[in-house]
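Each remark here refers to the structure printed beneath this line.
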Amino acid sequence: MNFLHYEVDAGPSNTIQVTLENPANVRLLDGTNFQKYTSGEQHRYFGGLADASPINLRPPHAGHWHVVIDLGGYSGTVRASVQVL
């Protein structure tokens, strides 16, 4: 499984802005769901397919978050940047 992975500390007063060069899946996950994602298990996340950039995500609560960007199994490369506003 190929994906980009970023870790951020953020809460509801923050916006996590993801800038993409190409369409990709963007997922915001807590620690438990990130482990499930990397294990190929069913998981819960915020986000989804992003075909326009930038994408703004707002965490539902304060904590340590994982931003995962992937192509959903398709071949290719994706470049992205992530920042907390």
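What to note about this one:
- For the chain, trypsin sites (Lys or Arg not before Pro) meeting the loop criterion (DSSP other than H, G, I, E, B) and having at most 12 other Cβ atoms within 10 Å: 44, 79.
- For the range 12-85, chymotrypsin sites (Phe, Trp or Tyr not before Pro) meeting the loop criterion (DSSP other than H, G, I, E, B) and having at most 14 other Cβ atoms within 10 Å: 74.
- For the chain, GluC sites (Glu not before Pro) meeting the loop criterion (DSSP other than H, G, I, E, B) and having at most 12 other Cβ atoms within 10 Å: 21, 41.
- Mean residue ellipticity, 222 nm, helices only, the chain: the sum of -39500 (n - 2.57) across DSSP H runs of n ≥ 4, divided by residue count and rounded to 500, is -2500 deg cm²/dmol.
- Close amide-amide hydrogen proximity is noted between residue 15 and 85, each under 5 Å apart and 5 or more residues distant or on a separate chain (H modeled in the peptide plane; Pro and chain starts excluded).
- Placed amide H near residue 22: partners under 5 Å, 5+ positions off or other chain: 79
- Dipole size of the chain about its Cα centre, with +1 on Lys/Arg Cβ and -1 on Asp/Glu Cβ: approximately 100 debye, rounded to the nearest 20.
- Compactness index (Cα Rg / 2.2 N^0.38 Å), the range 4-84: 1.02
- Only Cα pairs under 8 Å and 6+ residues apart enter the sum, and on that basis the relative contact order of the chain stands at 51 percent.
- Förster radius 25 Å - calculated FRET efficiency between residue 41 and residue 64, Cβ distance, rounded to 0.05: 0.80
Values quoted throughout were computed directly from the atomic coordinates according to the rules given, and no laboratory measurement underlies them. All values reported here derive from a predicted model rather than from experimental measurement. Glycine gets a Cβ as well: all are built from the backbone with ideal geometry, and neighbour counts include every protein chain shown.
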